[in-house]
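Have a look at the structure below before the remarks.
Each value in this text was obtained by applying a stated rule to the coordinates, not by laboratory testing. Keep in mind that what you see is a predicted model, and the values were worked out from it rather than measured. FYI the Cβ positions are ideal-geometry reconstructions off the backbone, even for glycines, and counts take in every protein chain you see.
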């Protein structure tokens, strides 16, 4: 569940500066995620997923317009994958963000693409060489309900 509630094993809460070491650890263990300098997160909304009270994943996003948001970075600690953490983060994002949500995912990251498609995201375009030569980004969109 999200918004600090603990109705399930996964709790989602807004991240504070004190949570950033946990975010950095998860990011470092997730080479497929964007590797941001820790201070950059202070410019965006960041939520932390806790599983059994331990940091299990995070999501950074921003509201880009009144009816549009962007998922900027998301990662789940490798031992916590396939346990509902990413799904809980995406559900929380859907509740917090207004309007349609966009993201870029590397074309080679099929696990993330599968997760997003299962959650109702659709491919809308490709950005050639977005992550470097030969590393395209797939732009995906989750439409407003």
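For the range 88-130, the fraction of alpha-carbon pairs lying more than 14 Å apart is 53 percent, rounded to a whole number.
Hey, quick one: spin label on residue 98, modelled 7 Å out along Cα-Cβ, who in the range 62-81 has an amide N within reach, i.e. under 20 Å? Within reach of a label on residue 98: 62-72.
With label points built 7 Å along Cα→Cβ from the Cα atoms of residue 40 and residue 130, find their separation and express it in nm. In this crude spin-label approximation the distance works out to 1.5 nm.
Peptides 124-130, 96-102 ordered by packing proxy, namely the average of other Cβ atoms within 10 Å per residue, highest first: 96-102, 124-130. In this rough spin-label picture, where each label sits 7 Å from Cα along the Cβ direction, the residue 82-residue 118 distance is 1.0 nm. Take every Cα pair under 8 Å whose residues are at least 6 apart in sequence, average their separation, divide by the length of the range 10-142, and the relative contact order is 20 percent.
Computed from Cα atoms, the angle from the helix 85-96 axis to the main principal axis of the chain rounds to 80 degrees.
Just how many % of Cα pairs in the range 1-134 lie over 27 Å apart, if you round to the nearest whole percent?
Numbers: 1249 of 8911 pairs.
Of all Cα-Cα distances in the range 1-134, 14 percent exceed 27 Å.
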